[in-house]
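S.K.: Sharing a structure with you now.
The values are calculated or read from the model by the stated rules, or taken from the named source; none is laboratory data. Because the structure is predicted, anything quoted here is derived from the model rather than measured. Cβ sites come from the backbone with ideal geometry, for glycine too, and all protein chains shown count toward neighbours. Quick note on the areas: whole protein, heavy atoms, side chains included, nothing else; ligands and nucleic acids left out. Shrake-Rupley method; radii C 1.70, N 1.55, O 1.52, S 1.80 Å.
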Amino acid sequence: VQLQASGGGLVQAGGSLRLSCAASRSIFSIGFMGWYRQRPGKQREWVAATTSGGSTGYADSVKGRFAISSDNAKSTVYLQMNSLKPEDTAVYYCHARLVDGNYWGQGTLVTVSS
């Protein structure tokens, strides 16, 4: 599967952005999709995930501010990011976990200015 992430950019603290991840196949057939991020000087960390059954999960650092959703018709997963903080500055990666392994999008940069 190929994943194309988009939607990053520069935003002021307190603002919002929505990231998109378009998959090359039906996301209904992908059991587990989500977002990771890599902040400057840090290791990649999990942010949020959703399953084909509709379950969602979030890292404590983004819970209540970020929301993951999916549109099966568009084969796209979204990450709505609200109340952004400077510490949310990172490259965000779309991720899909299939039976045959893990797949990653190319990353999209989110910069939050204070």
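S.K.: Would you please list the contacts, defined by Cβ atoms under 9 Å and residues six or more apart or on different chains, that run from a residue in the range 87-114 that is outside any strand (DSSP E or B) to a residue that is surrounded by 19 or more Cβ atoms within 10 Å (Cβ to Cβ) and β-branched (Val, Ile, Thr)?
M.R.: 87/112; 88/62; 88/110; 88/112; 89/110; 89/112
S.K.: Can you name the condition, by its number, that residue 61 falls short on among (1) over 26 Å from residue 101 (Cα atoms); (2) free of Cβ contacts under 8 Å to residues at least 60 places away in the same chain; (3) loosely packed, with under 13 Cβ neighbours inside 10 Å?
M.R.: (3) is the only condition that residue 61 fails.
S.K.: From the residues in the range 69-82 that are surrounded by 12 or more Cβ atoms within 10 Å (Cβ to Cβ) and either part of a helix (DSSP H, G or I) or of a type in the set (D, E, K, R) (or both), which one is modelled with the lowest pLDDT?
M.R.: To start, the set of residues in the range 69-82 that are surrounded by 12 or more Cβ atoms within 10 Å (Cβ to Cβ) comprises 69-72, 74-82.
Then drop every residue that is not either part of a helix (DSSP H, G or I) or of a type in the set (D, E, K, R) (or both), which leaves 71-72, 74.
Details: 71: 92, 72: 89, 74: 93.
Among them, the one singled out is 72.
S.K.: Consider the range 83-114. How many of its residues are surrounded by fewer than 15 Cβ atoms within 10 Å (Cβ to Cβ) and either of a type in the set (A, V, I, L, M, F, W, C) or within 18 Å of residue 57 (Cβ to Cβ) (or both)?
M.R.: 5
S.K.: What are the residues in the range 28-49 that are open to solvent by less than 10 Å² (accessible area, probe 1.4 Å) and farther than 22 Å from residue 114 by Cα, if any?
M.R.: Of everything in the range 28-49, those that are open to solvent by less than 10 Å² (accessible area, probe 1.4 Å) and farther than 22 Å from residue 114 by Cα turn out to be 30, 33, 34, 35, 48, 49.
S.K.: Of everything in the range 83-106, what is touching a Phe, Trp or Tyr at 6+ places or on another chain (Cβ under 7 Å) and not small (Gly, Ala, Ser)? Give them in sequence order.
M.R.: 92, 93, 94, 95, 97, 104
S.K.: So, in the range 83-101, of the ones that are modelled with pLDDT of 95 or more and over 13 Å from residue 8 (Cα atoms), which residue ends up nearest to the chain's Cα centre (by Cα)?
M.R.: 95
S.K.: I'd like the full set of residues that are in a strand (DSSP E or B) and not hydrophobic (A, V, I, L, M, F, W, C), limited to the range 43-68.
M.R.: 45, 50, 51, 56, 57, 58
S.K.: Of all residues in the range 1-21 being modelled with pLDDT of 95 or more and of a type in the set (A, V, I, L, M), which is surrounded by the most Cβ atoms within 10 Å (Cβ to Cβ)?
M.R.: 19
S.K.: Does any residue of the range 34-47 turn out to be within 24 Å of residue 2 (Cβ to Cβ) and in contact with a Leu (Cβ under 8 Å, 6 or more places away or on another chain)?
M.R.: Yes, the range 34-47 contains a residue that is within 24 Å of residue 2 (Cβ to Cβ) and in contact with a Leu (Cβ under 8 Å, 6 or more places away or on another chain).
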